[in-house]
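Input: a single structure, listed below in structure tokens.
Nothing in this text is a laboratory measurement; each read-out follows from the coordinates by a stated rule. Worth saying up front: this structure is predicted, and the values here are computed from it rather than measured. Here Cβ is always computed from backbone atoms with ideal geometry, including for glycine, and neighbour counts include all displayed protein chains.
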Amino acid sequence: MKIKEITDYLDRRLLPVYQESYDNSGFLVGDKEQEVSNVLVTLDVTPAVVDEAIAKGCNLIVSHHPMIYSGMKRITPANQTGRMVIRLLQNHMAVYAAHTNLDNLDFGVSGALAQQLGLADCRVLRPVEGVLRKLVTYVPLRHAAAVRQALFEAGAGCIGAYDGCSWNSDGTGTFRASEGSHPFCGQIGEHHHEAETRIEVVYEQRIEQKLIAALIKAHPYEEPAYDLIALGNRYARVGAGMVGALPHPMEVGDFFAMVKQRLRLPVVRASRSTLPDAGTFARSRIRTVALCGGSGSFLIGDAKAAGADIYLTGDLKYHDFQAAEDDIILADVGHFESEQFAKDVLFNIISEKFTNFACRKSEKDIGYVYYI
């Protein structure tokens, strides 16, 4: 099996199209045409992780954070990234990264964190906008079912937890075939009226070309008519952060104890609104939890708007805690610590699909911050 078979599958599952504009996810280093030996999954590509991959016979590293984040003008031993790239190429190794696209998928970084904390009824905290479109086409009545099914199979018609969604209305189409055409119905040079079904389906913009190809292939007309309409709706399955509910309300102190245990944390930084004047945990209960793996200060307002009792993320600054304003509890659980379960997501995606080689989780991937 070649490396490209794995990375192509990861592209289909992890959808790099949903990475942020500043990001650098995808295939970063190496030759896709090489045969794969084993795969090592990690959050960060570090010299220790590269050494580990070599020792374990892994020639493909799949990471969350891209080792090449901004442009590289020189690949030399003058810096750590250059040294790693040289070593990887010398050892015929490859690197693939799934960063903000994995952050933005509902089963990704924040979804894995929500699952680890046992949250239910989870939804994306800030869904993306501008990625949904609607296709409208007109089909002879007796062919509508076949065309509709082709659109569904191409990926259209998915709304939330439902698929096969469409709107259909019957009417009359008119046309006149010119010389050189091959009309499915009607005669060349004559005005023709045909009973047709108008089919409307919603789809993600990323599948547009595939969808149009499926329409043209399934449609009986030589020149099928269709409209592509941009929608302002948010796409609930993609976006930043998650919000969900605990199975039962918890007191603040018990909740933090659970968080520290499940995330293996020595300490949590929390806003002072957590504490009453006496310095002990407030007696208010927590039920609705918002969270974002990694750096999530930009979602504090969204967490408040969602009615969350507490918002967990990493990399909060001093003045971010001021934004709590006694409306919500803010908790910084660490960048690495809030993303650690992304490694499980990547591991499961690869190992469940490919069983003829070993996929391993890095044991040298321990983050950059040490708590004393």
Ranked by Cβ crowding within 10 angstrom, fewest neighbours first, how are Phe354, Phe298, Phe321 ordered? Phe298, Phe354, Phe321
Once fully extended, how much extra length lies between Asn79 and Tyr318, figured as 0.36 nm per residue of separation less the alpha-carbon to alpha-carbon distance? 82.9 nm
Can you put Tyr9, Tyr221 in order of Cβ neighbours within 10 angstrom, beginning with the fewest? Tyr9, Tyr221
Could you identify which residue out of Met250, Met242, Met72 has the top mean-square fluctuation in a GNM of the chain using Cα springs shorter than 10 Å? Met72
What range in the chain is the longest one free of trypsin sites (Lys or Arg not before Pro) that are in a loop by DSSP and have at most 14 other Cβ atoms within 10 angstrom? 75-263
Chain lengthening between Thr174 and His191 when straightened (0.36 nm per residue, less Cα-Cα): 5.4 nm
Would you mind checking Lys134/Lys343; Lys317/Lys353; Lys56/Lys210; Lys2/Lys364; Lys2/Lys134; Lys317/Lys364 for any pair whose Cα atoms are more than 30 angstrom apart? Lys134/Lys343; Lys317/Lys353; Lys56/Lys210; Lys2/Lys134
Which FRET efficiency, nearest 0.05, do Tyr371 and Tyr9 yield, Cβ-Cβ r, R0 41 Å? 0.65
Computed over the chain: longest principal axis from alpha-carbon atoms vs helix 144-153 long axis, angle to nearest 10 degrees, is 20
Which one, Cys165, Thr288, Ile6, projects farthest toward the positive side of the charge dipole computed for the chain from Cβ point charges (K/R +1, D/E -1)? Ile6
How far apart, in nm, are two points set 7 Å out from the Cα along the Cα-to-Cβ line at Tyr22 and at Glu35? 4.3
Debye intensity ratio in log₁₀ form over the Cα atoms of region 152-251, taken at each q of 0.17 Å⁻¹: -0.93
Within the chain, longest stretch clear of exposed GluC sites (Glu not before Pro) (DSSP loop, no more than 16 other Cβ within 10 Å): 34-178
Candidates for P(r) over Cα pairs in 10 Å bins from 0, in percent are (1) 5, 21, 28, 22, 14, 7, 2, 0; (2) 5, 25, 36, 26, 7, 1, 0; (3) 5, 20, 23, 21, 16, 9, 5, 1, 0, and the calculated one carries label (3)
Can you tell me which of Gln187, Gln205, Gln261 moves the most in a GNM of the chain? Springs connect C-alpha atoms under 10 Å apart. Gln187
To the nearest 10 degrees, how steep is helix 208-218 against the longest Cα principal axis of the chain, on a 0 to 90 scale? 30
Sort out for me the Cα centre separation of region 95-125 from region 307-352, rounded to whole Å. 11
